[in-house]
1. What's the center-to-center distance, using Cα atoms, between the range 13-49 and the range 231-283 in Å?
2. Can you check what the net charge comes to around GLY221, using other residues whose Cβ is under 14 Å from the Cβ of GLY221 (Lys, Arg +1; Asp, Glu -1)?
3. May I ask you to compute the full-extension gain from VAL202 to ILE176, defined as 0.36 nm times their residue separation minus their alpha-carbon distance, rounded to one decimal in nm?
4. Compute the FRET efficiency between SER14 and THR241 as 1/(1 + (r/R0)^6), taking r as their Cβ-Cβ distance and R0 = 35 Å, and round to the nearest 0.05.
5. Can you list the HN-Hα couplings for the range 214-225, worked out from phi with the Karplus curve (6.51, -1.76, 1.60; θ = phi - 60°), rounded to whole Hz and with x for Gly and Pro?
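Values in this text are rule-based calculations from the coordinates and carry no lab data. The model shown is predicted, which means the values in this text are computed figures rather than measured ones. Virtual Cβ from ideal backbone geometry, glycine too; neighbours counted across all protein chains shown.
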Amino acid sequence: MSQANKIIKRRLRSAYLSSVISISLVLLLVGVASLLMVNSSQVMDHIKSNMQVSVLLNPEVQEDDAYVFKEKLDSLPFVSAVTLVTRDQGESEMKELLGEDFMSVFETSPIPVSFNMNLLPSQVTPEGLMEVRKVVEAFEPVDEVVYQQDLVEDLSENLGKISGILAVMIGVLLFISFVLISNMMRLSFLDKRQTVYTMKLVGATPSFIRRPFMEKAALMGLFASVIATLLLLGILFWLRTEFLQMFEVFSPVAIMVSIVIIVLFGLLICLLSTRSVANKMVAMTRDELYY
């Protein structure tokens, strides 16, 4: 084997490894993006259902009266859960935020009895929360209803930003993948140029010459898809371990759809880029192949 062929083979192995890694990263992002898109409504509902609205009662309201009032809040049609926060619990939370000595400046506890309400996802909109505030503040024991209005307004916008960032990252990595695959296939053609030229001399069709390179590209796409799928499943396993509620948002059907998208996208990247390079290389003359 000549020195030139050894160099080509070395470069070919390096290009193959780089291409597989790059494609795997692209496919991982594609899988994450598709999982978010397929489950976008479930993800939004999960975030909304975990958002809490604080209902602060008047300072003179005692805990026994608060337990009675809780039944009224539970009966509201837009409420999914209500949790009572006693004065002692409220004081403990404030001590964690402001320090142990913050109560020393008050003669009596300034912390009122309150409730944390979880709402139905359909109610967590700027208009829906204004309706909740109007209804709840009409009750006599209620002093104030507090919620994070900015968070609600930014939910859909931030989800769109995340999708945009993922799209840009996928585009950049997609371009890198095409370049790497193209370089690898050029090296592969150069390594097999004698065989390619001989096949052209005996009248082999371009599709017949392209076939082994396309098969190699398909295998590379499948291999990269397997790596990306394992990485995606690893992320989901981590979510299941650390954030069980978030993991439950993703249905098995959606996960399977994302895996299918990963495989199809992996094959598409490799086959299209390889076909483009193969067509150019097959059309080359002997002098262009060797010099």
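1. Using only Cα atoms, the two centres lie 6 Å from each other.
2. That sum, taken over residues with Cβ under 14 Å, equals +1.
3. Details: separation 26, 0.36 × 26 = 9.36 nm, distance 3.63 nm.
This chain segment gains 5.7 nm when fully extended.
4. Numbers: r = 36 Å, r/R0 = 1.03.
Approximately 0.45, to the nearest 0.05.
5. 3J(HN,Hα) across the range 214-225, in whole Hz: 5, 5, 5, 5, 5, 5, 5, x, 5, 5, 5, 5.
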